[in-house]
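Asker: Structure below; questions to follow.
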Amino acid sequence: MASTYSSSLNLELQTTGENSGTWGTIVNNNLQKLESAIKGYVSIAVASTSDSLDVDNGTTGDEQSNAIIKLTGTLTGNTTMQCEAVESWYIVDNATSMGTYTLGFKPAGGTAASLVSSSKHLLYSDGSTMFDVLADCGNIAANGTLAVAGNVSLDGGTFIFNESSADVDFRIESNGDANAFFVDAGNDRIGIFNASPSVAFDVTGAAKISGAVDLDGGAFTWNDTGASLDFRCETNTLANAFFIDGSADKIGFGTNSPAGAAVEINQANSSGAIACLALDQDDADEPFIKFDGDSQSDTSGNITTDTSIGSLTGYIRVDVAGTDRWIPYYATS
């Protein structure tokens, strides 16, 4: 009876009494194939878009018997490299020039595993499907640097950085800034476009918050450096419901150019039947308005006790407890 061959490594299985005089050569070939399967290396140039590893029964020259396979060459289209449809494992080094094309590695007639450009893969086949071990492996512990050139998808679990609370900074770089997000571990601070945050949360540049902001337990300071910066609050219909003119040191309600006074109220609604200013004094024992100024007996100050004021010119209408009243004013002092 002639020799047969094993399914996975194509080792020659000799029949008792056969191969007289060549038994030692066949055993040595089998040992060399076993060595290749454990530690063997071969470099293969991809020759076509549908290429196959060489398989030789009983000899040591077959490509498939090697544990480590390096693929080289330039792809001319979407390409598949195939091995025999048997159970086996491989370390595949994809050193091909892929361009925009894909490269798969599969058992004959089966399902391929996709290879990544300039990457090494640990693969195994069950005879019909090629599996990439690291595509869905279990826990991984890296004691050195872990560098990932492709995408990272975290799905179905939490992400914890610096569980041991070491003095280790965390940095995310954007296309144009090295410190788009920065955690200063030693000082317990976070910086946005800022690698040296001076407070717990330090943003360099503009910030926009679309949701609610709750300031609880601390003071709010705007423009602490005293720069010439305006401050504006917008309502549904007023672009300048509240406005601080940083360069003029004035405040406007309903206007972004207060000019007549330190505080100016501009009633922008001419049809709303609404007062310009309403004062609701719930403390009945206190005045509505308190005037502090330079009181004089004549008209040289802004408060006067002089009763010999000139001729009355007109009145200003005010609402007192729901009833219109009039405050007189004079054309001369």
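Asker: Please go through region 117-143 and pick out each residue that is out of contact with any Asp or Glu (no Cβ under 8 Å at 6 or more places or on another chain), farther than 16 Å from N94 by Cα and part of a loop (DSSP other than H, G, I, E, B).
Answerer: Across region 117-143, the qualifying residues are S128, D136, C137, G138, N139, I140, A141, A142, N143.
Asker: Can you spot a residue in region 19-41 that is in a strand (DSSP E or B) and under 17 Å from S119 (Cα atoms)?
Answerer: yes
Asker: Here's another thing I want to ask about it. Please work out if S210 is without any contact (Cβ under 8 Å) to a residue 40 or more places away in the chain, surrounded by 10 or more Cβ atoms within 10 Å (Cβ to Cβ) and part of a loop (DSSP other than H, G, I, E, B).
Answerer: It is false that S210 is without any contact (Cβ under 8 Å) to a residue 40 or more places away in the chain, surrounded by 10 or more Cβ atoms within 10 Å (Cβ to Cβ) and part of a loop (DSSP other than H, G, I, E, B).
Asker: Hey, another quick one. Name the residue that is modelled with the highest pLDDT, counting only residues in region 74-94 that are of a type in the set (S, T, Y) and buried (at least 19 other Cβ atoms within 10 Å of the Cβ).
Answerer: Selected residue: T79.
Asker: Let me ask something additional. Under the condition of being at pLDDT 85 or above and β-branched (V, I, T), which residue from region 28-73 is surrounded by the most Cβ atoms within 10 Å (Cβ to Cβ)?
Answerer: That would be I69.
Asker: If I go through region 247-262 residue by residue, how many of them are surrounded by 14 or more Cβ atoms within 10 Å (Cβ to Cβ), under 18 Å from T221 (Cβ atoms) and of a type outside the set (A, V, I, L, M, F, W, C)?
Answerer: Counting residues in region 247-262 that are surrounded by 14 or more Cβ atoms within 10 Å (Cβ to Cβ), under 18 Å from T221 (Cβ atoms) and of a type outside the set (A, V, I, L, M, F, W, C) gives 0.
Asker: Considering only region 263-278, how many residues are outside any strand (DSSP E or B) and surrounded by 10 or more Cβ atoms within 10 Å (Cβ to Cβ)?
Answerer: Residues flagged as outside any strand (DSSP E or B) and surrounded by 10 or more Cβ atoms within 10 Å (Cβ to Cβ) within region 263-278 amount to 6.
Asker: Name the residue that is surrounded by the most Cβ atoms within 10 Å (Cβ to Cβ), counting only residues in region 305-333 that are part of a strand (DSSP E or B) and without any contact (Cβ under 8 Å) to a residue 12 or more places away in the chain.
Answerer: V318
Asker: So, one more: Among the residues of region 241-256 satisfying the criterion of being in contact with a Phe, Trp or Tyr (Cβ under 7 Å, 6 or more places away or on another chain) and polar (S, T, N, Q), which is nearest to A227 (Cα to Cα)?
Answerer: N256
Asker: Would you confirm whether or not region 178-201 contains a residue that is part of a loop (DSSP other than H, G, I, E, B), surrounded by fewer than 10 Cβ atoms within 10 Å (Cβ to Cβ), among the hydroxyl-bearing types (S, T, Y) and at pLDDT 90 or above?
Answerer: No, every residue in region 178-201 fails to be part of a loop (DSSP other than H, G, I, E, B), surrounded by fewer than 10 Cβ atoms within 10 Å (Cβ to Cβ), among the hydroxyl-bearing types (S, T, Y) and at pLDDT 90 or above.
Asker: Picking from T225, T235, which residue would you name as being within 25 Å of T204 (Cα to Cα) and modelled with pLDDT under 95?
Answerer: After applying the criteria, what remains is T225.
The values are calculated or read from the model by the stated rules, or taken from the named source; none is laboratory data. This structure is a prediction, so every number in the text was calculated from the model and none was measured. All Cβ positions, even for glycine, are placed from backbone atoms using ideal geometry, and neighbour counts span all protein chains on display.
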